[in-house]
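Working notes, beginning with the structure itself.
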């Protein structure tokens, strides 16, 4: 008689995003997406997906340079929030939000093929069309809440 082998579900996997919060004079830097096929026209924090072989802080540093032309260091990043987000289609991701406490350079739109514009917005008055994932992360940041979930019931 052969042993019975129970099949187990595959381990859960998720996209991991590194998101940068830059605040100056009570305003947060946001970028308006374009030409990517995902959330185009919406406002988002400078951010991106974790790449193979890098830590989430390394991803944040890389995205800061690629998207807004800033030089950041790990000791200038302060972890402020983690969100487990699931959209209306059931796609999930984990977002790790870092506040940049200092940076070198002046933010610029370093990826005009992916970004229509960057702008500073009051933290308490985000623009219409702010991506919900970003809006929830920033609201939690303002409340000093380290963790949230969205879209899970």
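Observations, loosely collected:
- Any hit, the stretch 48-69, residues being free of Cβ contacts under 8 Å to residues at least 60 places away in the same chain, within 15 Å of residue 103 (Cα to Cα) and part of a loop (DSSP other than H, G, I, E, B): yes
- Restricting 126, 138 to residues that are part of a loop (DSSP other than H, G, I, E, B), surrounded by 14 or more Cβ atoms within 10 Å (Cβ to Cβ) and either within 15 Å of the chain's Cα centre (by Cα) or at pLDDT 95 or above (or both) narrows the list to 126.
- Looking across the stretch 7-28 at every residue that is in a strand (DSSP E or B) and out of contact with any helix residue (DSSP H, G or I) (no Cβ under 7 Å at 6 or more places or on another chain), the one that is surrounded by the most Cβ atoms within 10 Å (Cβ to Cβ) is identified as 17.
- Residue count for the stretch 126-143 satisfying the condition of being without any contact (Cβ under 8 Å) to a residue 12 or more places away in the chain and over 24 Å from residue 88 (Cα atoms): 1.
- Picking from residues in the stretch 67-94 that are surrounded by 13 or more Cβ atoms within 10 Å (Cβ to Cβ) and touching a helix residue (DSSP H, G or I) at 6+ places or on another chain (Cβ under 6 Å), the one that is modelled with the lowest pLDDT is 85.
The values are calculated or read from the model by the stated rules, or taken from the named source; none is laboratory data. Just so it is clear, the structure is predicted and the values come from calculations on it, not from any experiment. Counting neighbours? That spans all protein chains shown, and the Cβs are built from the backbone with ideal geometry, glycine included.
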